[in-house]
Structure formats: C-alpha cells, structure tokens
1. For LYS27, which aspartates and glutamates qualify as cross-link partners when the Cα separation must be under 17 Å and same-chain residues fewer than eight apart are set aside?
2. Only loop residues by DSSP count here, and only those with at most 14 other Cβ atoms within 10 Å; note down the trypsin sites (Lys or Arg not before Pro) in the range 367-461 that meet that.
3. In whole Å, what is the distance between the alpha-carbon centres of the range 206-239 and the range 77-119?
4. Run through the DSSP bridge list for the range 105-244 and note the antiparallel percent, rounded to the nearest 5.
5. Using only Cα atoms, tell me the angle between helix 476-490 and the longest principal axis of the chain; keep it within 0 to 90° and round to the nearest 10.
6. What net charge is computed for the residues neighbouring LEU95, neighbours being all others with C-beta under 11 Å from the C-beta of LEU95, Lys and Arg scored +1, Asp and Glu -1?
7. Helix 30-42 sits at what angle to the longest principal axis of the chain, using alpha carbons and giving 0 to 90 degrees rounded to 10?
8. Working from Cα positions, state the angle (0 to 90°, nearest 10) between the long axis of helix 441-455 and the longest principal axis of the chain.
Amino acid sequence: MPHRRKGGADRSLAVLGVASELYPLLKTGGLADVTGALPGALAPLGVQVRTLLPGHPSVMAALHDPQTVAEWPAWFGGPARLLAGRSSALELLVLDAPHLYARHGNPYLDSAGRDWTDNGERFAALAFAAARVGWGELAGYAPDVVHAHDWQAALVPAYLHYLGAGKRRPATVLTLHNLAFQGQFKADLWSRLGLPAEAFAMQGLEYHGDVGYLKAGIHFADAITTVSPTYAREIRTPAGGMGLDAMLRWRDSAVSGIVNGIDTEVWNPLTDPLLAERYDATTLPRRQANKRALESRLGLPADDSPLLCMVSRLTTQKGIDLVAQALDALVGSGVRLAVLGNGDLALEDALRAGAQRHPQRVAVHIGYDEGLSHLMQGGSDAIVVPSRFEPCGLTQLYGLRYGCVPVVSRVGGLADTVIDANDAAVKAGVATGVQFSDVSIEGLLDAVRRTVALYRQPAAWQRLQIAGMRADVGWQTSAAEYAALYRRLVRPQEPA
Ligand code: ADP
C-alpha cells in the first residue's frame, strides 16, 4: 500500500521517532541531544513526535504513568511489552524487554568497554517493534512518518519493506548522525532477524558477506538526512563515505543535510544554573567569574591567559591524538588547556601525562560530566574541536552560545556553523570563530596562534564572542526543514 496520503500542507502530522538514546534520559553523544530537542521544536509546526526507545534502566525510571499498549511474549529471545508514557514534555513508547535492555551503564558496551555480543538482536528488536507500530498495530495510533536515527534504528525501513505486504506503510526518514558506526554483524545473526531469506542480498541487508544495518536503511529509507549540508556532501565521496559512498550516490536525490540545532533553554548562559555567574552578550565581563570557578574546580591557578577547553569523546575522529602530541607546543604558544572527556584509553593516558608535565597550565578531567561541561563552556575563552570528520558537532554550537569562541577544523558541520575570523569577516563583524583546513599538528598550532593573537585584541575578541552569541543556533530553522521534508514525503501523489 503506498504511504502517500491525502492531507493539506497545514494538517497535523504524526511522526514516530526511533532511537537508542534521548537527552536527558540516556545520552552518550550528540544523537541524544537531537532526539531530545527536535520533538519540542516540531510541535509548534504541527508535527507531533513520539519517540520509541529501548527500555534501558534510565529510560524505564524516567517514564511517567506508563501504560502497556502491546505485549509480545516471545520477542527476540524473551518477553517484551510496549509501554506508552511521557517524560516531561516528551511522548514516549518504550520497548520493555529486560533480556535485551535491563543493563545499567553504556547502552552499547559492557563494563569492559566491549560491544554487547547481542547488539544485533537488541536493535533489530527495536526496529521490528517500530515497524509494527508503523503498520498501525497500536489502537488509535498510525504515524505518517517513521524517523529512524542511526544504525540502531536503521532496520525499520527494511522491516517495513519485507514484511509489510498488505499493511499500511508510513513514509520513512533515516538520519545519519555518524557514518563511522554502521551496525555490521556476522551473517550467523540472520536467522534471528525474522526476515525472509531473499532479504539477505546485495539489494537488501547483505553487506560484504555480513548483515549491514545502516546499509539496509540507506537502501530502503524514503529520505536520508544527515546533520549538516557539508557532511551530506562529504559522505558521497570516497574520502568521506566510509565504504557507503557508492550507496549514498545511488540514493543521491534522497540525501540532504539539515544542520543540528541546540536546546537554547538548556543551553542559555543567562539562566544556566550550572554556571557560577550568569551573563549574556551585554554582560560579558561577568564570564570572568566562571573562568575563576572553572580554574578552581580543575585545580588550575587563577590566571588571565587564554583558557582553551575541549569537551569530547577522546578518539582520533575528534583529533585528540593531535592535541596530545601538540600539547607542549600548545602550552608554549601561551594558552592553557582544560579537557573534559573519556574514550580511548591510550589518549586518556597521553592527556593525563600532559597534565602532569604542565600542572599549572593543563587540566584533564576524565569522565562524563554534564554539569562540568556547562562550566567549561561558560568559563573557558575558546573551545577547540580539531575533528578529522564531524557530521555536525554540538560543542562548537554551545561554544557560540556561551561566548566560548570555537576553534575548529573546516569539516562537516564545523564548516557550516562557524565563520572564520579572516580579515574580511572580522572587518564585516561577522566572524564567530577560527577555522583551519589542514587537520594536522601544524594546522592546529597555527589556528591556536591565530586565536591567541585575536585574544590579545580585546575589542576584536569581544566582537567575535558577541557575533557568536547572536548566531542562530536554535532548532527553529532546522525543525522547519524537517517538517517540510515530512510533508513532502506524505504529500498526495499528483494524478497520473
Ligand atoms: P559526538 O556525538 O560525536 O560525540 P557531538 O559534538 O555531536 O559529538 O556531541 C557530543 C555531546 O556530548 C555534546 O552535548 C557534549 O557536550 C557532550 N559530551 C561529550 N563528552 C562529554 C563529557 N565527557 N562530559 C559531558 N558531556 C560530554
């Protein structure tokens, strides 16, 4: 049955989001920020989003007034229920399947940091559940669009395709938040997915002899979005496509980039309870109190030299190896560095060693700390994001909003959201940060030297901060783009 249906442009749309994380319930990265903020931004546009999440303990604990809306006694190896409920303003469906999700900690990894061996089943179970909701199995709920996020939800369009004969078919959108994570599993998983044999084919889920979740999603989704226009271009090239560029070029007309926004209520320096002192673009000198608070929290001496920060997963994607290697030279250029992050153990060690060499100038806080991340943005002078690739990046957006000048590599969403302080942009008063193209130690050092030179011109620096704080980093524009995309997908077909 075709998914296109009647309805005017202003009719309210029902969208089922499907994701593995959602802020503030469960977050390991930017995906959660997006799934947490987009529903609220879409509501005023007549788009009602309900999000289907796995029943991770933190999600179960946050669910208010849950009602059981479906029961599946044998769901990927155990009993499952679908619960409908709310958490604050968010409408949720939760797949409560304790044998798959009742595990504390990271939603993808065991306590030793290894992928859960049943991740294939865990996220197929989520996607299949979404397909059943998409078909209209829940009384009184028939989503117009199913919006799947990343590989964890990427099998939704495949289940709808292979098992949907004779059923209603919602439109599908797949958003790629990071092509580095593709959900690729050994073929012995196949028999447990509940899909017909013919689906294990190049034109289906087969991917280099394995089962490819993201590959299947790219194949079958009606629309594929990624989180910035530049990343949307990069992933269609061999250099940026991570093996999927040919598939993405094949789906060329279905691919687009919609830049992420941020939740400007959670991230508002004028009201942020996690700051020592609140401020806005007209009261920038008040930031100084946050710098002092941050220094004291991190054990750095109070000092007026530029304090650069990083809030990041510690991985080579994020260019952390470059920072670790350049650390002595960075300190030599006159900056101090505060790092909040965790990830690759060797990189954690390299940064810690740097902090031991420069205890007065480098502080490294290994761990995940949402509260400290706000003070880092409110108290540092600049945030460094030297990513090798970056689908969108959120920390540079928080930096803009907080007057913490972003110093970023010119890739993906970093290229799209920061205006480099070249002469013309500075003269025109539109510069918001520093960008560099050569993602290397030298490129990074050069960008930091430019940053220090700007910092030493207080009037120019303040103009950078203010222009950044005035940049449009909210969800409004991007939510309107998602709403327009949804409406295009469900638009009634022109008569032949
Ligand atoms: P990615 O999703 O690739 O990790 P993004 O920049 O898109 O990168 O999003 C990262 C999100 O996670 C941001 O909200 C950032 O503030 C947050 N974050 C990353 N590391 C930490 C940390 N150690 N403590 C607190 N927040 C963190």
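1. ASP110, ASP115, ASP150, ASP263, ASP369, GLU370
2. ARG456
3. 25
4. Antiparallel: roughly 35 percent of the beta bridges in the range 105-244.
5. 20
6. Computed value for this residue: +2.
7. Taking the Cα atoms of the chain, the angle to 30-42 is about 70 degrees.
8. In the chain, helix 441-455 runs at an angle near 60 degrees to the longest axis.
Every number in this text was worked out from the coordinates using simple rules, so none of it is lab data. Owing to the predicted nature of the structure, the values given are computational and were not obtained by experimental measurement. Don't worry about glycine lacking a Cβ; one is built from the backbone with ideal geometry, like all the others, and counts go over all protein chains shown.
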